[in-house]
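Take a look at the structure below.
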Amino acid sequence: MKKQCDPLMLTDDDILDAMQALQGYVDITPGTFKEIYSISYDLALKRIRSLGKAEEIMTAPVHCLNKEMSLTEAASFMAEHGISGAPVVDGKGIVCGVISEKDFLRKMGLPTTAGIMSVVGECLTVNKCLVSGLRDHYVHEIMSQPPISAREETTLAEISQLFTNHSINRIPICNMDGFPLGIITRSDLVSSMCQTV
Amino acid sequence: MNIFGKMKGTTQSPPRVGSSEVVWSWIGAFLGIALVGSFQSLIVDSIDRNLLIGSFGATAVLVYGAIRSPLAQPRNVLGGHVLSAIVGVLSFQIAGDITWLAAALAVSTAIALMHVTKTLHPPGGATALIAVIGGDSIHNLGYFYALIPVGLGAILLLAVALVVNNMAGKRRYPEFWL
């Protein structure tokens, strides 16, 4: 856990090359630069984690699937919106699960580490369409549940911990009653680190 | 051409140093210049030589006030002063009749030589200039100028810097030797 948050290790050669790229004389030693870099990295991390709230970086509104949708409908819905996963809501509109490409792959009998190439490879060698098995099934059968979700005031530190602890890539942000307000993906979290400095 | 755009600057001035830094800079500079000055009256006066030259004031700024700077490291202090002194004397010998030409030649060549030898030290420019405009007492020294006062003075300032800067809890000196 600690290791993931260590600053990107710069070597002395990296810094020397960078100084050379600046052309002019730079009045700082590589050693001092490294110290400044690692201290400011820690400070930036602290600032982002202590200040950031889920609602500031979430994508809202969020595209939700209904748990009674067929997988065919779900797949075309996700394709249409260019998303690889979405929260699933029940009849009352409350988030009751999350569905992603991974859930589809699992249903097709592929390991969760599989990607599009496994599907292609499998289809070409076995010569039968794996996807046809998905017909006549419904979202609630394959979705991940109970959903791992967060509140709008959850800090980004906690969000990143949820991502790591549960090995998930997206997390729905819900209000007190469980209605979806937005969604945060891993890449949202990464880009939020590059916002205001 | 975006000359005026570039003139706006891109960032802000670095923060003010803490008060302990101010105190240590003062102590170091006081002791360093005091040592060079007293050496002059104790030893060098007997052989009629001027040990305290203007460029040492500038060296003091670096080795007691900006000690992390590459410009303030021993290699730069000693190398920059001695090489610039030689360049200065050479320039005076070549073009001493035309003071402005000798002065310009001394300073510009000193900078170029310090760049090439990785010994850039701003006070070196003053050391080179003094070799030209320092009057007869300097001119009479010839290349000896590079040893005394320049080399000896730089070594004394460095010695004080090594002791005083490492006495301060938050300081360490030098960053590198070679």
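The values are calculated or read from the model by the stated rules, or taken from the named source; none is laboratory data. Predicted model, so just to flag it, every value in this text is computed and none were measured. Counting neighbours? That spans all protein chains shown, and the Cβs are built from the backbone with ideal geometry, glycine included. In case anyone asks, the SASA skips ligands and DNA or RNA and just uses the protein heavy atoms, side chains included. Shrake-Rupley method; radii C 1.70, N 1.55, O 1.52, S 1.80 Å.
Using only alpha-carbon positions, what ratio does the radius of gyration of the protein assembly as shown give when scaled by 2.2 N^0.38 Å?
On the way: Rg = 34.3 Å, N = 375, 2.2 N^0.38 = 20.9 Å.
Scaled against compact globular proteins, the figure is 1.64.
Sort B:PHE56, B:PHE144, B:PHE30, B:PHE39 from largest to smallest accessible area, using a 1.4 Å probe on the heavy atoms of the protein chains.
On the way: B:PHE56 0, B:PHE144 85, B:PHE30 120, B:PHE39 55 Å².
Largest to smallest exposure gives the sequence B:PHE30, B:PHE144, B:PHE39, B:PHE56.
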Check: In square angstrom, rounded to the nearest 10, how much accessible surface does B:TRP177 have for a 1.4 Å probe?
Finding: 140 Å²
Notebook entry, point to check: How large is the charge dipole for the protein assembly as shown, taken about the Cα centre, if only the Cβ atoms of Lys, Arg (+1) and Asp, Glu (-1) carry charge, to the nearest 20 debye?
Noted result: 380 debye
Check: How far, in degrees from 0 to 90, does helix A:156-166 lean away from the longest principal axis of the Cα atoms of chain A, to the nearest 10?
Finding: 50 degrees
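For chain A, what ratio Rg/Rh do Cα atoms give with a Kirkwood hydrodynamic radius? Let's see the in-between values first.
On the way: Rg = 21.8 Å, Rh = 19.6 Å.
Dividing the radius of gyration by the Kirkwood radius yields 1.11.
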Next item on the list: Please list, in chain and number order, the residues 5+ apart from A:VAL89 or on another chain whose amide H is under 5 Å from its amide H, with Hs placed from the backbone.
Entry: A:LEU65, A:ASN66, A:LYS67, A:CYS96
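Tell me the total accessible area that B and A bury against each other, 1.4 angstrom probe, in square angstrom rounded to 100.
On the way: alone 9960 and 12360 Å², together 21670 Å².
So the total buried area for this chain pair works out to about 600 Å².
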Item checked: Loop-located GluC sites (Glu not before Pro) in region A:93-197, at most 13 other Cβ atoms within 10 Å (DSSP) -> A:GLU153
Notebook entry, point to check: Taking a probe of 1.4 angstrom, what is the accessible area of B:ARG171 in Å², to the nearest 10?
Noted result: 20 Å²
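I'd like to check one number: the per residue accessible area of the protein assembly as shown, probe 1.4 Å, reported in Å² as a whole number.
Numbers: 21670 Å² over 375 residues.
On a per-residue basis, 58 Å².
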Check: In whole percent, how big is the carbon plus sulfur part of the accessible area of chain A, probe 1.4 Å, protein atoms only?
Finding: 57 percent
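If the limit is 29 Å between Cα atoms, which of A:LYS46/A:LYS102; A:LYS46/B:LYS118; A:LYS53/A:LYS92; A:LYS46/B:LYS8; B:LYS118/B:LYS170 go over it? All intermediate terms of the calculation are to be shown ahead of the outcome.
On the way: A:LYS46/A:LYS102 33 Å; A:LYS46/B:LYS118 38 Å; A:LYS53/A:LYS92 27 Å; A:LYS46/B:LYS8 32 Å; B:LYS118/B:LYS170 27 Å.
Distance filter (> 29 Å) returns A:LYS46/A:LYS102; A:LYS46/B:LYS118; A:LYS46/B:LYS8.
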Next item on the list: Kindly report, to the nearest 10 Å², the accessible surface of A:ASP17 as traced by a 1.4 Å probe over protein heavy atoms only.
Entry: 100 Å²
Notebook entry, point to check: Between the helical axis of A:71-81 and the dominant principal axis of chain A, each derived from Cα atoms, what acute angle in degrees is found, rounded to the nearest 10?
Noted result: 40 degrees
Item checked: Carbon plus sulfur fraction of accessible area for region B:19-165, probe 1.4 Å, in percent -> 73 percent
Check: Based on the inverse mean of 1/r over its pairs of different Cα atoms, what is the Kirkwood hydrodynamic radius of region B:19-165, in Å?
Finding: 15.1 Å
